[in-house]
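Asks: One structure, as structure tokens, below. Some questions next.
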Amino acid sequence: MKKIEHIGIAVKDLEKSNILFKQLFGNAHYKIEEVVSEGVKTSFFKAGPNKIELLEATNSDSPIAKFIEKKGEGIHHIAFAVDDITLEIKRLKDEGFTVLNNSPKRGADNKLVAFLHPKSTNGVLIELCQEIK
Ligand code: ZN
């Protein structure tokens, strides 16, 4: 894994949170993107070299809706950049981690993504992401 690519924060109301985080960072989000397959609408902010993703559920079956129901708003996942996601999925499975999707899927912000189950990572949902070139 190369570096933290972004941190994902689950929010109830993306529009309100976009205003809040604009006040926090001093600059507005640079992108809004809906990932229909995941039932989420996301916005992305830059804070210096770092990236924050806000996620709002677009339906009640969305993983974000379930997360907020259980835990409330807050940090949802930490995403790490990888060079070769397929290789990394295999490596982590061999190490005994539970990978939620065996083949990479299309995520927001032009990335192929995969998630590790928080049960196998001390309660932290880990996202792997590889830039689509
Ligand atoms: Zn993410």
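The values are calculated or read from the model by the stated rules, or taken from the named source; none is laboratory data. As the structure is a computational prediction, the values presented were derived from the model and not from experiment. Glycine gets a Cβ as well: all are built from the backbone with ideal geometry, and neighbour counts include every protein chain shown.
Asks: Has region 81-98 got at least one residue that is within 20 Å of Ile132 (Cα to Cα), out of contact with any Cys (no Cβ under 7 Å at 6 or more places or on another chain) and among the small types (Gly, Ala, Ser)?
Replies: Within region 81-98 (the criterion being within 20 Å of Ile132 (Cα to Cα), out of contact with any Cys (no Cβ under 7 Å at 6 or more places or on another chain) and among the small types (Gly, Ala, Ser)), the answer is no, since none of the residues qualifies.
Asks: So, of the residues in region 84-110 that are within 16 Å of the ligand (Cβ to nearest atom) and free of Cβ contacts under 8 Å to residues at least 24 places away in the same chain, which turns out to be nearest to Leu54 (Cα to Cα)?
Replies: Selected residue: Asn110.
Asks: Can you pull out every residue in region 14-36 that is modelled with pLDDT under 95 and either within 13 Å of the ligand (Cβ to nearest atom) or closer than 18 Å to Gln130 by Cα (or both)?
Replies: Once the filter is applied, which keeps residues that are modelled with pLDDT under 95 and either within 13 Å of the ligand (Cβ to nearest atom) or closer than 18 Å to Gln130 by Cα (or both), region 14-36 yields only Val35.
Asks: Inside region 3-13, can you point out the residues that are exposed (fewer than 13 other Cβ atoms within 10 Å of the Cβ) and away from the ligand (no atom under 15 Å from the Cβ)?
Replies: Matches in region 3-13: Asp13 only.
Asks: Mind checking which pairs have a first residue in region 56-83 that is at positive phi and a second that is assigned to a helix (DSSP H, G or I) and modelled with pLDDT of 95 or more, Cβ under 9 Å, 6 or more apart or different chains?
Replies: As it stands, the answer is Gly74/Phe67; Gly74/Ile68, since those pairs meet every condition given.
Asks: Could you say whether any residue in region 82-102 is closer than 22 Å to Gly39 by Cβ and of a type in the set (Gly, Ala, Ser)?
Replies: No, region 82-102 contains no residue that is closer than 22 Å to Gly39 by Cβ and of a type in the set (Gly, Ala, Ser).
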